[in-house]
């Protein structure tokens, strides 16, 4: 529970930190006090499938969260007295404006300490509410300006405490009102608040704990406005104040507020490199993320690491930080908060986006990053964590890492199982993509070639599998592996299914048929491939007569011709239903092509094949 301590009130208003269901659309209504949800719409590991001739997976894009400003009421219940914008009547607006004008005048006229304290007391009594529209009016009429002026003129500790409380109240306004006011008072108020904050942390002021909370809230309100984040982080002393989160003696609420500011500033592209390179700041974030007893503090620290890792400018530097990698592993595997685990896994996915980082991430500490991703993919109850883990593994797969990933204990089996059994179809698809990219990146002379192909065979049973026919086609081109491929249990059946089933696209069917054609080019395969399943697929593919399937049809005819070069196959082939008919049609097409003077890349063998099959009968 993060309490809001109010000036001169008998009871404190508080904002519940209870868990609520996320809005289905991923966004929610605005509220001053909030908990962010972080997912950039539409880019969560989006990928392309494959090229025209071979499997070419695109990289999962790195992901950043939406700003706290956009999700200010996802998990926070606010007092029911909050008025919605534009609900105030004209009379109410005029009354509020009159009252605020009077208070501003009193503050301006208060020259001695007694009158100032009375004026500030009246201001706090008026400002202590949760009506956003009223706070907007307060800012528009210059309340923050005059409070900042009074704050800069006093050394009285009671006045400082009261003014900080009043500033926290008036800044419970809308983001637009805060943005406009910040341009006027920001250059003055932020340095002033940072100096007071440091004095409070050094116990040089009375009421330090209350002032730290109120100042931290003001900085949080500023940081929620995306347009202000660059200027806010650039203020002298701002990043130093954030760095002190791990060294100053702060209450749990104060630490959570401070780390929320860090998370919001980390969400701005212009701040990411300066945050990563600021002396001690990343180390402070890591300390909070790994050790803080507050679940909320760890969550926001994890969110900050995720956002910092989403920049190409920071990825390599962050990946070279051993402590950072170990912290992400710990959070991803052991933290009880599902959002914290999700952000840690997403940070790994972001870091893996950079090609320069992939070998290091795969090899780091004997594969501990891969082990963490494997565990997240296979056991995490959060769909997004599993999806991000699959995206991270997809990013990591490349020519330099394919072999390492393929031999990581249990990884292929986990990917195949998740791709076929996970309850979430998107997780299935991404796991299949990760597996196909590993397979396409792994050299054909790999000792793990057969386990890889076997995993692809199992994955092919998923309706959400993707890219597998293209991988089989590419691997079947290599003459040294054709016999091994043809003898992998279920592979020929899968190719036959892929080449004809309606659920596959014309391109996938063509890739599967070309894989069969390549396998028939090996004389050692022709006897085992002359079976009912393969012949049925070849006949069906040879019967298609559309422009989009022409290449598939021609590949099927070539495969039949190659199988028939094995004399012992001919009688069985000639008796297979429909096979003579499709060869007769192929003979007719070749004759028409000859008469038309068309040139063909393949020799015209259909007529000879037909004669040999008839003789075999």
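Bear in mind that the values in this text are calculations on the coordinates, not laboratory data. The model shown is predicted, which means the values in this text are computed figures rather than measured ones. Heads up, the Cβs are rebuilt from the backbone with ideal geometry, glycines too, and the neighbour counts pull from every protein chain shown.
When N counts the residues of segment 119-188, how does its alpha-carbon radius of gyration compare numerically with 2.2 N^0.38 Å, as a ratio?
1.03
For segment 188-334, what D do you get in µm² per second when you plug the Kirkwood radius from alpha-carbon pairs into Stokes-Einstein at 10 °C and 1.306 mPa s?
Calculated translational D: 104 µm²/s.
Pop a pseudo-label 7 angstrom from the Cα along the beta-carbon direction at both residue 322 and residue 544 and give the gap in nm to one decimal.
5.5 nm
Starting from the Cα-Cα distance between residue 247 and residue 313, subtract it from 0.36 nm times their residue separation and give me the gain in nm to one decimal.
Working: separation 66, 0.36 × 66 = 23.76 nm, distance 2.77 nm.
Between residue 247 and residue 313, full extension yields an extra 21.0 nm.
Report the equivalent ellipsoid semi-axes for segment 327-466 in whole Å, largest first, defined as the square roots of five times the eigenvalues of the gyration tensor built from alpha carbon atoms.
The three semi-axes for segment 327-466 are 22, 18, 11 Å.
Set the Förster distance to 51 Å, then compute FRET efficiency between residue 209 and residue 421 from the Cβ-Cβ distance, nearest 0.05.
0.50
Along the Cα→Cβ direction, 7 angstrom out, place labels at residue 115 and residue 477. What is the inter-label distance in nm?
Modelled inter-label distance: 8.8 nm.
Given labels modelled 7 Å from the Cα in the Cβ direction, how far is it in nm from residue 413 to residue 368?
Between residue 413 and residue 368, the simple spin-label model gives 2.4 nm.
Could you work out how much longer the chain between residue 202 and residue 274 gets when fully extended? Use 0.36 nm per residue separation minus the Cα distance between them, nm to one decimal.
Gain in length upon complete extension: 23.3 nm.
Just want to confirm a number: the relative contact order over segment 467-617, from Cα pairs under 8 angstrom separated by 6+ residues, in percent. Write out the running numbers ahead of the final one.
Details: 183 pairs, mean separation 31.0, N = 151.
For segment 467-617, the relative contact order is 21 percent.
Taking 0.36 nm per intervening residue step and subtracting the Cα-Cα distance, what contour gain separates residue 108 from residue 383 on full extension?
Full extension of this stretch gives 93.4 nm more.
Return the FRET efficiency for the residue pair residue 463, residue 614: r is the Cβ-Cβ distance, R0 is 51 Å, and the value is rounded to the nearest 0.05.
0.75
Cα-based Rg of segment 467-617 per 2.2 N^0.38 Å, rounded to two decimals?
Taking N as the residue count of segment 467-617, the ratio is 0.98.
Can you give me the pair-distance distribution of segment 360-439, C-alpha pairs, 10 Å bins, whole percents?
Calculated P(r), rounded to whole percents: 21, 59, 19, 1.
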